[in-house]
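Input: a single structure, listed below in structure tokens.
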Amino acid sequence: MIDAATLFAGPSAAMMLGDFGADVIKVEHPRRPDPSRGHGASSGGVGLWWKTLGRNKRAAAVDLSKAEGQEILKRLAERSDVLVENFRPGTLERWNLAPEVLQELNPRLVVARMTGFGQVGPMASRPGFGTLAEAMSGFAAMTGEPDGPPTLPPLAMADGIAGLAMAYAVMVALHAREETGRGQVIDMAIIEPILGLLGPQMTAFKELGVVPQRTGNRSSSNAPRNTYRTRDGRWVAISTSAQSIAERVMRLVGREDLVTEPWFATGAGRVAHVEELDAAVGSWIGERDAAEVIARFEEADAAVAMIYNVKDIADDKQYEALNTFIELPDEELGSVTMQNVMFRMSETPGQVRWPGAPHGRHTDEVLGELGYDAPLIARLRADGVIA
């Protein structure tokens with residue numbers, strides 16, 4: 001598999017496929033490596049985000065704008081199952097690396113194209129990032145306090161969602177290839193997958209003219225649902241998406257009288273009385289320390305969780321039981337801790353084999369597998385085609 005994408009959405013998809021066995025070759029520009037190497041925290045000049053995003057990938061530095069670099073990619077495509085790329089529409093075509101050119105060399109190749117706005121339409125050629133998707137999808141408009149501004153997430157959320165969606169799309173394409181014998185082209189716009197997680201907002205708008213409004217930590221579908229401060233200054237979150245849970249919560253906080261109200265029988269009815277419900281739950285929680293709140297909710301079989309920061313996550317026994325985080329040896333940092341694969345499979349488990357490698361670490365190895373000898377590799381390096 002070739003990962004010729006940058007930043008987060010496309011590389012995230014390649015990372016997830018690499019977690020479950022794909023031999024991922026990360027292709028970066030010799031002088032302008034993937035910007036994700038410099039995003040976020042660093043240790044001794046080594047980017048820590050890249051250690052996770054680049055895991056299980058062999059790093060090769062090749063200039064695809066040069067003819068000899070294009071030849072390297074073609075040779076890689078001939079022996080690969082998947083190419084993930086996120087160049088602006090028309091860039092691969094300008095380099096004579098269009099999907100049809102690559103699929104003529106390898107009809108079984110799946111070309112996964114990840115861009116901000118897709119391959120067609122009036123915005124296709126614009127630079128696109130997850131932030132713009134979070135803005136255009138309606139997410140920011142419905143996030144934040146009712147009297148506050150639209151709020152963007154403090155993470156690459158739309159990119160992560162698109163990465164998950166692309167990993168799924170690639171697997172669908174590979175499954176279809178088993179029947180057809182042919183690869184195909186995947187056109188994914190980062191502005192689209194996030195829409196699927198925001199509920200049927202377009203359906204409700206077309207049917208009822210409903211435009212979602214900002215509700216803070218409350219839900220427009222059920223109540224009580226919020227974050228609440230405990231007596232000792234901690235914060236907890238509760239959810240009552242299920243009717244039975246809502247009833248248990250209100251009985252726990254001593255307001256069984258509300259459970260018998262006709263309006264309590266539906267999420268919409270409870271939302272209409274959210275102030276009364278929140279006041280009852282909030283006052284009960286505010287009179288108790290966090291440990292007691294959690295214990296009492298667990299006794300009542302109601303849904304509650306502490307609001308964690310990363311230190312809390314590191315100390316949590318549930319994450320420990322799931323082996324959610326692992327420590328790996330690393331040639332630059334000595335060792336590095338990161339999240340494990342996202343799920344456990346009984347027969348074909350995934351594995352993080354190594355952290356993100358230094359820029360160009362495996363260039364010679366990859367080219368050697370393509371039949372390039374040492375003198376030719378040295379000449380390509382001297383000419384700036386590889387690094």
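The values are calculated or read from the model by the stated rules, or taken from the named source; none is laboratory data. Quick caveat, the model's predicted, so the values are computed rather than measured. So basically every Cβ, Gly included, is an ideal-geometry build from the backbone, and we count neighbours across all protein chains shown. Keep in mind that these areas ignore ligands, DNA and RNA; they rest on the heavy atoms of the full protein, side chains included. Shrake-Rupley method; radii C 1.70, N 1.55, O 1.52, S 1.80 Å.
For the stretch 348-363, the set of residues classified as farther than 18 Å from Met16 by Cβ and either surrounded by fewer than 14 Cβ atoms within 10 Å (Cβ to Cβ) or free of Cβ contacts under 8 Å to residues at least 12 places away in the same chain (or both) is empty. From the list Gly269, Gly282, Gly254, the lone residue that is touching a residue at least 24 places away in the same chain (Cβ under 8 Å) and surrounded by 12 or more Cβ atoms within 10 Å (Cβ to Cβ) is Gly282. Any residue at all in the stretch 288-306 that's surrounded by fewer than 17 Cβ atoms within 10 Å (Cβ to Cβ), at pLDDT 95 or above and under 29 Å from Leu152 (Cα atoms)? So far as the stretch 288-306 goes, yes, one or more of its residues are surrounded by fewer than 17 Cβ atoms within 10 Å (Cβ to Cβ), at pLDDT 95 or above and under 29 Å from Leu152 (Cα atoms). For the stretch 364-387, the set of residues classified as open to solvent by less than 70 Å² (accessible area, probe 1.4 Å), in a loop (DSSP other than H, G, I, E, B) and not β-branched (Val, Ile, Thr) consists of Leu370, Gly371, Tyr372, Gly384, Ala387, listed by residue number.
Scan the stretch 87-123 for residues that are outside any loop (DSSP other than H, G, I, E, B), more than 18 Å from Ala9 (Cβ to Cβ) and not β-branched (Val, Ile, Thr) and report the count. Don't jump to the end; show me each part of the working.
Step one: of the stretch 87-123, the residues outside any loop (DSSP other than H, G, I, E, B) are 91-94, 99-105, 110-115.
Going one step further and asking which of them are more than 18 Å from Ala9 (Cβ to Cβ), we end up with 93-94, 99-105.
Imposing the further condition that a residue be not β-branched (Val, Ile, Thr) reduces the set to 93-94, 99-100, 102-105.
Looking only at that region, the number is 8.
Figure legend. Inter-residue proximity from the stretch 232-244: first residues open to solvent by 30 Å² or more (accessible area, probe 1.4 Å), second residues at pLDDT below 95 and polar (S, T, N, Q), beta-carbon distance below 6 Å, spacing 6+ or different chains. Indicated pairs: Ser241/Asn222.
For Asp34, indicate whether it is assigned by the TED database to the domain that holds Pro358, acidic (Asp, Glu) and over 18 Å from the mean Cα position of the chain (by Cα).
The answer is no for Asp34.
State whether one or more residues within the stretch 187-205 are more than 15 Å from Glu134 (Cβ to Cβ), among the acidic types (Asp, Glu) and in the same structural domain as Ala13 (by the TED database). Checking the stretch 187-205: at least one residue is more than 15 Å from Glu134 (Cβ to Cβ), among the acidic types (Asp, Glu) and in the same structural domain as Ala13 (by the TED database).
With respect to (1) touching a strand residue (DSSP E or B) at 6+ places or on another chain (Cβ under 7 Å); (2) within 19 Å of Leu155 (Cα to Cα), the lone exception for Asp3 is condition (2). Of all residues in the stretch 284-304, those that are more than 19 Å from Ser244 (Cα to Cα) and part of a loop (DSSP other than H, G, I, E, B) total 3.
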